[in-house]
Amino acid sequence: TKQPVRVAVTGAAGQIGYSLLFRIASGDMLGKDQPVILQLLEITPALKALQGVVMELRDCAFPLLADIVTSDDPMVAFKDADYALLVGAMPRKAGMERGDLLSANGGIFKPQGEALNAVASRDVKVLVVGNPANTNALIAQQNAPDLDLKQFTAMVRLDHNRAISQLAEKTGQPVSAIKNLTIWGNHSSTQYPDLSQATVNGQPALDLVEREWYEGTYIPTVAKRGAAIIEARGASSAASAAGAAIDHIRDWALGTPEGEWTSMAIPSDGSYGVPEGLIYGFPVRCSGGKYEIVQGLEVSEFSRGKMDATAQELIEERDEVRKLGLV
Ligand code: NAX
């Protein structure tokens, strides 16, 4: 049997945590033969609620759950972590400017980056879910100089999955028929869900839908899906966000299916004219625990405009956190 791996999760007593932890413990993320040790980080006032979640985790009697550690200290929660899912963040409150939001999150992601640098496994794979996810990932990454830049990623997989589901519904096909769509850029309303290379049962998706629907309905529906969930449910996406985090790490660790790609926000190497260093959503293939950007895709003028606009937003966020001394 395999040795347990250590999975750190922050914001573990929150909404996403309540769905995510049970799926990690049941083997959905790393496989049904991979024991896990959960290392859960929360802020001090949430430790009691976290204890309740731990009681429920124990009550599930998951055979793969080897141990559970809880702490309000990132140096404890990240100790020897093989995976770190950074979910806890400071949400935008009414009247908050972008600078205030980035500054508040800097107070979380800078010390967490430093702690990962100090105590995590040298091969730790980091996924940032907490918003603004791309720039929070940049802050953590820039404060972890001893780790490889490529170990830090942010989540656009929920957007990717939403984009699949919307296209499946429109074409009346199962989600399994849809391949190779891409979410470029920021996990925000400027993201670009790109169907240029997407196929439905092997047919080009853009031959099956009207251009007007694609540009005028599809792209905004995917980009604004989070707000629609809040409107309907009275709370933000949680189970679907947890599912996307599971998918992101599983594909990174265990590989994407042959001939297919997925979307991950990763440090740009300058591919597709995206400024180097931005944490930007790209089409990626994974194997052997590594990801690589899918190269050679044709970029239309329409795509170029969308890809540049979302890059511009990330440049502005980066400049703001530079000004704040966070990176
Ligand atoms: P909740 O508010 O339910 O939970 C967040 C938890 O994080 C709380 O329990 C809080 O005590 C904890 N926390 C705050 N600061 C912390 C710190 N410094 N260390 C450890 N824990 C800390 O939010 P939830 O609905 O679970 O969402 C979590 C984050 O995911 C939010 O930032 C949210 O905006 C973001 N999302 C990102 C998505 C994506 O696709 N990238 C989609 C879903 C979600 O909206």
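Each value in this text was obtained by applying a stated rule to the coordinates, not by laboratory testing. Small disclaimer: the values here were computed from a predicted structure and weren't measured. Methodologically, a virtual Cβ is constructed for each residue, glycine included, from the backbone with ideal geometry; neighbour enumeration extends over all protein chains shown.
The table that follows gives values for the structure above.
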| item | result |
| --- | --- |
| Complete set of residues in segment 163-193 that are hydrophobic (A, V, I, L, M, F, W, C) and touching a Phe, Trp or Tyr at 6+ places or on another chain (Cβ under 6 Å) | Trp184 |
| Qualifying residue in segment 174-181 (condition: closer than 21 Å to Ser300 by Cβ and assigned to a strand (DSSP E or B)) | yes |
| Helices (runs of 4 or more DSSP H) wholly inside segment 65-171 containing at least 2 residues that are buried (at least 21 other Cβ atoms within 10 Å of the Cβ), more than 10 Å from the ligand (Cβ to nearest atom) and not aliphatic (A, V, I, L, M) | 98-119, 133-142 |
| Residue check for Ala46: more than 9 Å from the ligand (Cβ to nearest atom), surrounded by 17 or more Cβ atoms within 10 Å (Cβ to Cβ) and closer than 23 Å to Ser237 by Cβ | no |
| Complete set of residues in segment 167-184 that are more than 26 Å from Lys125 (Cβ to Cβ) and out of contact with any strand residue (DSSP E or B) (no Cβ under 8 Å at 6 or more places or on another chain) | Glu169, Lys170, Gly172, Pro174, Ser176 |
| Within segment 182-200, tally of residues that are outside any strand (DSSP E or B) and β-branched (Val, Ile, Thr) | 1 |
| Matching residues, segment 2-16, being more than 6 Å from the ligand (Cβ to nearest atom), in a strand (DSSP E or B) and touching a Gly at 6+ places or on another chain (Cβ under 8 Å) | Val9 |
| Residues of segment 22-63 satisfying the condition of being aromatic (Phe, Trp, Tyr) and within 22 Å of the chain's Cα centre (by Cα) | Phe22 |
